[in-house]
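Shown next, in structure tokens, is the structure this report addresses.
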Amino acid sequence: MQALYDVPAPAKLNLFLHITGRRADGYHLLQSVFMLIDWQDHLNFELRADGQISREDLTTPLPANDLTVRAAQALQTLTGHLEGVHIGVHKAIPAQAGMGGGSSDAASCLLALNRLWRLNLPLATLCAVGEQLGADVPFFLHGRNAWVEGIGEKITPVDLPPARCVVVKPAAGLATEAIFSNSALKRDTETATILGFAANPYGFGHNDLQPVAQILCPGVGQALQWLGEHGLQGKMTGSGSAVFALLPPPAWLDSAPEVLANAPSGWQVRHCSNMDVHPLVGWATSDK
């Protein structure tokens, strides 16, 4: 095998995000449900015999040492593998949106290189590498919609009904650290249960980061208002700035093309569907 092309890396939405406390080391304790959606990046991987790791940006320019490069470097260091790779990134998921695009790219990179380099590492080993790269990477490696707790390391798969949604990314993005370091952030939401969530999966909970995000980034509130003007109840995903709304019965879809086309300039708006599983489930050994 010399190359892998069009390797998908889907985004996620947080159906809710509660901050339930804070550890002594400063990390926040959370509860959330992560849902995979079909807004995806795609990556190409070409084998390099010289051991070098290089990257080509096929759409949006990325930082020199982005998560895909760091993932490849971490895997090469762990295994001592002598081959390298040239990575092409077709970026579609917006940055600073709370949709996990960078983490998803890193997870797909680990899974792809596990194949391309013929490493045959189990999923547990890839997850250990992923945890060092970012809190959301193990979720994408596990590849199933999940109830997430702790600082993001406790992952329990959940089944979700089919759903369609409108996802709106306003022009401005948000830095995660700016929200988590804000003194106004609510950090004491009561602990929830999976059973409580399962009774109303698309109407459960809230996002504790949203009030602070709306102060730091007016575009979040504007996007929520825009969804409301079209009869949709919006909620921010992750640390924002993207927001989303679950779509009601199919009658609304008749006007969806016109609504999406009339979004404010500079916004990215998509009609998305959720996914039962990540397209790469099964790419790692001991994949459970």
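Brief remarks follow.
- Subset of the range 1-59 that is among the β-branched types (V, I, T) and surrounded by 17 or more Cβ atoms within 10 Å (Cβ to Cβ) - its residue that is farthest from the chain's Cα centre (by Cα): I53
- Residues in the range 163-213 that are hydroxyl-bearing (S, T, Y) and in contact (Cβ under 8 Å) with a residue 12 or more places away in the chain: T176, T189, T191, Y202.
- Residue count for the range 113-141, restricted to those that are of a type outside the set (A, V, I, L, M) and over 13 Å from the mean Cα position of the chain (by Cα): 11
- Residues of the range 136-156 that are surrounded by fewer than 21 Cβ atoms within 10 Å (Cβ to Cβ) and in contact with a helix residue (DSSP H, G or I) (Cβ under 8 Å, 6 or more places away or on another chain): W147, E153, I155, T156.
- Counting only residues that are at pLDDT 95 or above and either more than 30 Å from A223 (Cα to Cα) or among the aromatic types (F, W, Y) (or both), the range 134-153 holds 5 of them.
- Hey, G231 small (G, A, S), in contact with a helix residue (DSSP H, G or I) (Cβ under 9 Å, 6 or more places away or on another chain) and in contact (Cβ under 8 Å) with a residue 60 or more places away in the chain or not: no
- Helices (runs of 4 or more DSSP H) wholly inside the range 154-231 that include at least 3 residues being modelled with pLDDT of 95 or more and small (G, A, S): 218-229
- Test for A172: is it among the hydrophobic types (A, V, I, L, M, F, W, C) and in contact with a helix residue (DSSP H, G or I) (Cβ under 9 Å, 6 or more places away or on another chain): yes
- Reported count of residues in the range 173-202, each being small (G, A, S) and crowded, with 16+ Cβ neighbours inside 10 Å, is 2.
- Just one of (1) out of contact with any strand residue (DSSP E or B) (no Cβ under 6 Å at 6 or more places or on another chain); (2) of a type outside the set (A, V, I, L, M); (3) within 29 Å of Q225 (Cβ to Cβ) fails for R164. It is (1).
- Residues that are surrounded by fewer than 18 Cβ atoms within 10 Å (Cβ to Cβ) and of a type in the set (A, V, I, L, M, F, W, C), drawn from the range 75-118: L78, L82, A92, A95
- Residues (in a helix (DSSP H, G or I) and not aliphatic (A, V, I, L, M)) located in the range 96-128: G101, G102, S103, S104, D105, S108, C109, N114, R115, T125, C127
- When L216, L160 are checked against the criterion of being touching a residue at least 24 places away in the same chain (Cβ under 8 Å) and more than 17 Å from Q96 (Cβ to Cβ), a single residue qualifies: L160.
- Flag for D50 being of a type in the set (D, E, K, R) and touching a residue at least 60 places away in the same chain (Cβ under 8 Å): no
- Strands (runs of 3 or more DSSP E) enclosed by the range 23-95 - at least 3 residues per element that are farther than 30 Å from G266 by Cβ: 28-48, 84-90
- Just one residue in the set D105, D136 is closer than 20 Å to S32 by Cα and charged (D, E, K, R); that residue is D136.
- Beta carbons closer than 8 Å, at least 6 apart along the sequence or on distinct chains, pair a first residue in the range 120-146 that is touching a residue at least 40 places away in the same chain (Cβ under 8 Å) with a second that is surrounded by 24 or more Cβ atoms within 10 Å (Cβ to Cβ) and of a type in the set (F, W, Y) for G130/F140; D136/F34; F139/F34; N145/F34; A146/F34; A146/F139.
- The single condition among (1) within 28 Å of G221 (Cα to Cα); (2) assigned to a helix (DSSP H, G or I); (3) not basic (K, R) that E131 does not satisfy is (1).
The values are calculated or read from the model by the stated rules, or taken from the named source; none is laboratory data. Bear in mind that the values here come from a model prediction, so they are computed numbers and not experimental data. Please note: Cβ atoms are built from the backbone with ideal geometry, for glycine as well, and neighbour counts cover all protein chains shown.
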